[in-house]
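Coordinate-derived values only; no laboratory data. Values in this document were obtained by computation on a predicted structure and should not be read as measured data. Neighbour counts run over all protein chains shown; Cβ positions are idealised from the backbone, glycine included.
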Amino acid sequence: MTGSSKKTYRPSEFFRDLFGVVKGLPSLAGAVTHRRVGGALREKVMLAVTGVNECRYCAAIHSSLARKLNVSEEDIGRIMESGTGADPDNDDQPAIHFAAHYAQTNQHPDPDMVSMIRETYGPERAAELLHYMRMIYFANLTGNTFDALLGRLKAH
């Protein structure tokens, strides 16, 4: 991390996570092909991670995609602010809460939370959700690192 409050990458972290994302591409391709997780839930999960990491690029893109999938402005705002949706009884809540936890713990979620997500959604859907979280976490920190670099260039 830099002096900014936003999470950014150090070079070694970037390459570690890039390797993880590339290594997981075949599994991610399978997740996209099987589509066990609906588009609205996928976007809500991505917004929850993005809300924690505060990437302005990902926030804009995934808010727009969520709107196209009929996610309400209220839900988008709440997810981005607190990792929760508008309806606490919504079936998506466990995944949204877990996604925020995943980002808050820097991709090291509590094992009990991982077990809960697997029990709630089943192993295949849980694995797909984790792929999306890993991908958006990488995109968030890459965007934040790019912004930090731009800020340094402008300062000189």
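Odds and ends about this structure:
- Cross-link partners of Lys68 among aspartates and glutamates, defined as those whose alpha carbon lies under 17 angstrom from its own and excluding same-chain residues fewer than eight positions apart: Glu43.
- Take every Cα pair under 8 Å whose residues are at least 6 apart in sequence, average their separation, divide by the length of the range 47-106, and the relative contact order is 43 percent.
- Within a Gaussian network of the chain (alpha carbon springs, distance under 10 Å), most fluctuating of Ala139, Ala48, Ala29: Ala29
- For the chain, the longest principal axis of the alpha carbon atoms and the long axis of helix 56-68 meet at an angle near 30°.
- Highest-MSF residue in the chain out of Met46, Met133, Met116 [GNM, Cα springs under 10 Å]: Met116
- Rounded tilt (10° steps) of 39-53 against the dominant C-alpha axis of the chain: 40 degrees
- Based on C-alpha pairs under 8 angstrom that are at least 6 apart in sequence, the range 11-146 has a relative contact order of 36 percent.
- Label sites at Tyr57 and Lys23, each approximated as a point 7 angstrom past Cα along Cα to Cβ, lie 2.4 nm apart.
- Qualifying aspartates and glutamates (Cα of each under 14 Å from Cα of Lys6; at least 8 residues distant if same chain): Glu54, Asp147
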